[in-house]
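The values are calculated or read from the model by the stated rules, or taken from the named source; none is laboratory data. Please read these numbers as outputs of a predicted model, since none were measured by experiment. Protein only, heavy atoms only, side chains kept; ligands, DNA and RNA dropped before computing areas. Shrake-Rupley method; radii C 1.70, N 1.55, O 1.52, S 1.80 Å.
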Amino acid sequence: MSELLRESQEAQKKIREAQRARDDLFAGMTHEIRTPLNAVIGIDQLILIEDKDPTVQVLAGKIKKEGETVLSVVNRILNQAVEAAGSSKKEGDITVPALDGKKVLSIDDTPINLKIIEGLLGLTDATVVSVKSGHEGLERMRQEHFDLVLIDHQMPVMDGMATMKKMQEAGLKGDIPVIMVTGNDGEEYQKMYEKAGFDGYVTKPVRKEQLFATINALIRERKEEG
């Protein structure tokens, strides 16, 4: 019996290790696939916003359609029930957020991701400050006040979770709403981000509808609290 128990425990241990390896593999796949998709779909959104030439609009619209189709396939492969037109999070109020005169800090180590956030938030008339690392973001927060902060999850040296922890330890978080920008999605990640202190999260590829809905929800929550 003792030998059988030991073998059973060993088998369970191997199963848990295999599950962790699987989870790590899918997390890596999610990030590696969503990152280039974020660039394609994000840049296309900016083209649709900036260039109103009819031919450009048609071509950019086709890119958007095919990009969303690819994203839908990717999500099915990764076992995420996300439709091509949106994310697994229900989109609420997608009107342009009232951020006129507000200052937003965007932290991401990838330049194109910063450009996408800048372009989308440009519609809100907010002042957007972009930095390429958590360390740089913390330094800017020590120097000036921001009304909203967006932090990328996957960054070298100091990722989004570590950046949030440092914000809290340094007393920089306060009541500033902070949004995680991530390739991860699902209830498990939502709980993890909430526990870490994030007020919301948006998934990559970052789309105007989800970004605006998330920001509007935070604005509405603060009005109700006030």
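Rolling a 1.4 Å probe across the protein heavy atoms gives region 85-168 an accessible surface of 47 Å² per residue.
Computed from phi, the 3J(HN,Hα) profile of region 132-145 under the Karplus parametrisation 6.51, -1.76, 1.60 (θ = phi - 60°) reads 9, 7, x, 4, 5, x, 4, 5, 5, 5, 6, 8, 8, 8 Hz, with x in place of Gly and Pro. Listed by chain and number, the lysines whose alpha-carbon sits under 22 Å from that of LYS173, ignoring those within fewer than 8 places in the same chain, are LYS102, LYS103, LYS132, LYS165, LYS191, LYS195, LYS223. Each residue of region 32-41 is assigned a 3J(HN,Hα), and the resulting list reads 5, 7, 6, 4, x, 5, 4, 5, 5, 5 Hz, derived from the Karplus form 6.51 cos²θ - 1.76 cosθ + 1.60 (θ = phi - 60°), x at Gly and Pro.
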